[in-house]
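First the structure, in the form of structure tokens, and then the observations on it.
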Amino acid sequence: MMPCYFAIPLSLAGLATAFKLGSEYMDPFRGPTVNPDLILVPEGWYQVLGVISAVLFALFAVLFACRLIQYPKKCRAEWVCPQRSPSFGAITITVMLLAFLLHDEIRDGPEEWPQKTGRIVFWIAAVAHALLTVVKFSEWVGFRHEFEHVHPQWLIFPVGLAVASFGVVMPFFEETNAHFQEANVLLARFFLSFGYLLWIAIFSISLFKVVTGHNSDPRARHGVWIWMASPCIIGIADFATCAKESALGYGDYNVCVRDFSSYFFIGVFFFFTYVWMSLPYIGFFGRDPFNKGYWIDSFCMDCLACAAAVFYALHNTLEACRTIAFIIYAIAGTFNCVAFLHTLKALAVHRGFFTPMDKWGPLSWFKLTHEAFRGSI
């Protein structure tokens, strides 16, 4: 059980989060008078998906723990690998998303057990992800790397820091007074600040590497989808923090809404480019058979769906925003359903889904060269 398999519960938890942001949970942002027709999905949808994701995560966690105990050197090799190590970030992000799903609405009465449990689990995972980011960033700088080691999947660490800043809606300190409320906002900014910096830096160097590199292995191309997930998640985190600051009298709420729209539009532009890159005359995507990388694509579509749900909640008077949200919801759901069906087929028919993929390198061309020589002779 390698850490890359956690992309499955991560994607399902991401879709459940998108459904939650389209449910009654977002009513406080829809204005004083809430029209039931403004709700995109019922609450039961994200609750069912959250349970499925939690069960899969628990199963994978047990299997990964057994592998860690029996084969610690293999797990260490995966952590050291520049391309496989970002998968460890998917573990902590999944835990944070599941805690967010468990937290549910903030009620006026005393804090109930879902809120308390969700807050505790969330902050444990947030601190763990921050530690992973510090350790991995130190290794990027401290150890020698080649330019080929740079990969867009490194963005999973700043994405996780942005998710950690969601703690502004699940406060670390009980907000009994304005000082604790300000402390929670500063804590959210703490995670978001370095996440924003890493997003800009890693996106820049990974874009240069993808444009100028060879990209011969189609299995390594799925990481560019995280380019779309990064602005969506960072935008939601920035809006949540900015809205909290405006409630404390530190800023203008309309500025928060306007800034979030820019983040969402960046994600939409990325989606359009991915669609065009999939056309036959480019063929950047879809050349490899189904593998775990397609679940990363699904999670990134979930992030765009989350941003679309928040965008619609902030602009619910525009019917076009509702249509856009439904379209993105449908695409994200299709991505997850197709990936799930392919996974079932791989388990039932090929029975090789949990078998590590063949390593790719220059020698991978030898089979093609051999067949070409046979055909020409």
For residue 135, what accessible area in Å² do you get when you roll a 1.4 Å probe over the heavy atoms of the protein chains, rounding to the nearest 10?
60
Could you work out how much longer the chain between residue 279 and residue 331 gets when fully extended? Use 0.36 nm per residue separation minus the Cα distance between them, nm to one decimal.
17.0 nm
Comparing 148, 112, 182, which has the greatest mean-square fluctuation in the GNM of the chain with Cα pairs linked when under 10 Å apart?
112
Return a whole-number percent for the relative contact order of the range 172-307, with Cα pairs under 8 Å and 6 or more residues apart as the contact set.
32
Under Stokes-Einstein, the chain at 25 °C and 0.890 mPa s, with its Kirkwood radius over C-alpha pairs, diffuses with a coefficient in µm²/s of 113
So for the chain, averaging the separation of alpha carbon pairs under 8 Å that are six or more residues apart and normalising by length, what relative contact order in percent results?
19
How much accessible surface area, in Å² rounded to 10, belongs to the heavy atoms of residue 250 with a 1.4 Å probe?
130
Build a GNM of the chain with springs between Cα atoms under 10 Å: which of 83, 70, 153 gets the top mean-square fluctuation?
70
Efficiency of FRET from Cβ geometry, residue 182 and residue 320, R₀ 30 Å, rounded to 0.05:
0.20
Once you have the Cα-Cα distance between residue 194 and residue 287, take 0.36 nm times their residue separation minus that, and quote the gain in nm to one decimal.
30.0 nm
Around residue 75, under 14 Å between beta carbons, what's the net of Lys plus Arg minus Asp minus Glu among the other residues?
+4
Using the Cβ atoms and a cut-off under 12 Å, what net charge is assigned to the surroundings of residue 331, where Lys and Arg are +1 and Asp and Glu are -1?
-2
Each label point is 7 Å from the Cα along the Cα-to-Cβ direction; what then is the distance between the points at residue 146 and residue 254, in nm?
5.5
Rolling a 1.4 angstrom probe over the protein chains, ignoring ligands and nucleic acids, what is the accessible area of residue 212 in square angstrom, nearest 10?
80
Between helix 366-376 and the chain: long-axis angle, C-alpha atoms, 0 to 90°, nearest 10:
50
Spit out the partnerless Cys residues in the chain, using Cβ distances under 4.7 Å as the pairing rule.
4, 66, 75, 81, 300, 306, 321, 337
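The values are calculated or read from the model by the stated rules, or taken from the named source; none is laboratory data. The model shown is predicted, which means the values in this text are computed figures rather than measured ones. Using ideal geometry, Cβ is built from the backbone for each residue, glycine included, and neighbour counts are taken over all protein chains shown. Heads up: the accessible areas ignore ligands, DNA and RNA and are worked out on the full protein's heavy atoms, side chains in. Shrake-Rupley method; radii C 1.70, N 1.55, O 1.52, S 1.80 Å.
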